[in-house]
Each structure stands twice: as C-alpha cells, then as structure tokens.
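Worksheet: the structure to be examined is printed underneath.
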Amino acid sequence: MKSTDLLTRHADTWHAATHHQFLDAVRDGSLAPNVFATWLVQDYLFVLDELTCQARLLARAPRSGQNILVRGLVAIEAEAGWFETHARQRDLSLDIPRYRATAAYHDFFESLDREPYPVAITAIWAIERAYLEAWRGVVPCLPRYREYVEHWANTEFERFVADLEQVAMAALESSQADNAAEAAFLKVACLEHDFWQMAWSGGEQ
Ligand code: HMH
C-alpha cells in the first residue's frame, strides 16, 4: 500500500481532519481571541509531546529515517520556542493541563512506541500533512492571524512534508504493516478533527 492512497481511500475523514469552522474563522479574521488562545496553548503542549515521541522514534529508526526525523526534531524544538514567544506576547500561561483532545494525542504518541517503525512514521507523516493541508486551506487570509497561517502554509514546510512522505512511503512499502498503518492514519484524522473541535468549543468537547 502507498501511504498517499490513504488520503483518497478515506477522503471524507481526511477532509474533516483538515477543514473546520475554526480554520474558516481564522481565514476571515473573525475568530475570537480566547478561542485562538485555547488552540495556541494546547498546540504548544501537543508540540512538546510530539517532540518526545519523535525523539524516541529516532532512537529505533533505521538509517533511512534518521535524516528526516532529525530535521523534524530541530523544527519542532524551534516551534516550541516560537509558541513560547507568542504566548508571552499574548500574556498566556503555558503552565496549564492538557485538555481532553490534547491528552488523547499524548496517549496516541505513547502508543506509537509499541508500533513497528513503518506504522509510527506513517502516523508522523499524517500529522504533519494534516497541518500543512489545514493551514494551506486558509490562504489567502485576513492579516489578523496571517503570521500563524504562514508558519505552516509555506514552501519550506511543504518540502519537509514531501520528503517525509517519501520516507514514510518507502518504509511502508517494504513492510507488512498496512493494516496497522491504516488504523494509525485514521486515528490521526480523528485526533486532528477533535483538536480543532476542542479549541472551537473552548476546551472540553
Ligand atoms: C494538532 N497537529 C496538531 N498540531 C500540530 N502542531 C501539528 C499537527 C503539526 O506538527
């Protein structure tokens, strides 16, 4: 199976993962600042969990996966600093608990430790691809949130996701892990949708 086949096979689910009222409101600048703040703080917590998950995956990755995972780790660590700067500017505390969807993502990251490498790298690819598509779909947007949109909707991130796609695809093609990879993909789609919904509904779903 090709990882990218999953996008077409589960087109509706994927659409729900990458389109949401939250993103529509970002586009037209109507998103309430407190709703945006919920997303920002929870995504920061997500990013820290993603960092540790990828660090653990790097430790057991084959040679062919090391470069992309190291690049990903460097980018995610920088992103954590970026979130810290923005939270400070907006006077938001980052010392708050994970809401339910963030906690579910945390548990999913931990569950990837028990999956074969091709499954875990497919999940990481789906996670990054989801954000690329979600934020790219917001362009062109009004100035209010443009800096955030362009953090993911840019050619450098697009290139990174394309490279990650190649690595994930090669890993999956030479494995017997299609069913588990498909399940992980669907779980990511579901977690992504729930994450938007969590921010939109102001915390608890
Ligand atoms: C919820 N999904 C979520 N947050 C992110 N920052 C990404 C994906 C991309 O890393």
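The residues on offer are HIS19, HIS10, and the sole one that is within 16 Å of the chain's Cα centre (by Cα) and open to solvent by 30 Å² or more (accessible area, probe 1.4 Å) is HIS19. Looking across region 133-151, just one residue is within 15 Å of the ligand (Cβ to nearest atom), open to solvent by 10 Å² or more (accessible area, probe 1.4 Å) and in contact with a Lys or Arg (Cβ under 9 Å, 6 or more places away or on another chain), and that is GLY137. Tell me, please, whether a residue that is open to solvent by 60 Å² or more (accessible area, probe 1.4 Å) and within 15 Å of the ligand (Cβ to nearest atom) can be found in region 174-182. No, every residue in region 174-182 fails to be open to solvent by 60 Å² or more (accessible area, probe 1.4 Å) and within 15 Å of the ligand (Cβ to nearest atom).
The residue that is least open to solvent (accessible area, probe 1.4 Å), among those in region 46-70 that are closer than 14 Å to LEU94 by Cα and free of Cβ contacts under 8 Å to residues at least 60 places away in the same chain, is VAL47. Checking GLU150, GLU204 one by one, the residue that is over 16 Å from PHE109 (Cα atoms), at pLDDT below 95 and in a helix (DSSP H, G or I) is GLU150 and no other.
Give the residue, chosen from VAL41, VAL26, VAL35, that is within 15 Å of VAL139 (Cα to Cα) and among the β-branched types (Val, Ile, Thr).
Numbers: VAL41 fails: within 15 Å of VAL139 (Cα to Cα); VAL35 fails: within 15 Å of VAL139 (Cα to Cα).
Selected residue: VAL26, the only one of VAL41, VAL26, VAL35 that is within 15 Å of VAL139 (Cα to Cα) and among the β-branched types (Val, Ile, Thr).
Scanning region 105-132 for residues that are within 13 Å of the ligand (Cβ to nearest atom) and either open to solvent by 40 Å² or more (accessible area, probe 1.4 Å) or in contact with a strand residue (DSSP E or B) (Cβ under 6 Å, 6 or more places away or on another chain) (or both) turns up HIS106, ARG129.
None of ALA183, ALA189, ALA101 is modelled with pLDDT of 95 or more, of a type outside the set (Asp, Glu) and more than 14 Å from the chain's Cα centre (by Cα) except ALA183. Cβ separations smaller than 7 Å between residues 6+ apart or across chains give the following pairs from region 119-134 residues that are under 15 Å from PHE195 (Cβ atoms) and at pLDDT 95 or above to residues that are small (Gly, Ala, Ser) and more than 11 Å from the ligand (Cβ to nearest atom): ALA123/ALA184.
Every test in (1) touching a Phe, Trp or Tyr at 6+ places or on another chain (Cβ under 7 Å); (2) of a type in the set (A, V, I, L, M); (3) away from the ligand (no atom under 11 Å from the Cβ); (4) part of a helix (DSSP H, G or I) is passed by LEU94 save one, and that test is (4).
Can ILE96 be described as of a type in the set (Val, Ile, Thr) and open to solvent by 40 Å² or more (accessible area, probe 1.4 Å)?
Working: of a type in the set (Val, Ile, Thr): yes; open to solvent by 40 Å² or more (accessible area, probe 1.4 Å): yes.
Considered against the rule, which asks whether it is of a type in the set (Val, Ile, Thr) and open to solvent by 40 Å² or more (accessible area, probe 1.4 Å), ILE96 comes out as yes.
The values are calculated or read from the model by the stated rules, or taken from the named source; none is laboratory data. Predicted, not measured: the structure shown is a model, and the values here were computed from it. Methodologically, a virtual Cβ is constructed for each residue, glycine included, from the backbone with ideal geometry; neighbour enumeration extends over all protein chains shown. Side chains are part of the model used for accessible areas, which takes the heavy atoms of the whole protein and leaves out ligands, DNA and RNA. Shrake-Rupley method; radii C 1.70, N 1.55, O 1.52, S 1.80 Å.
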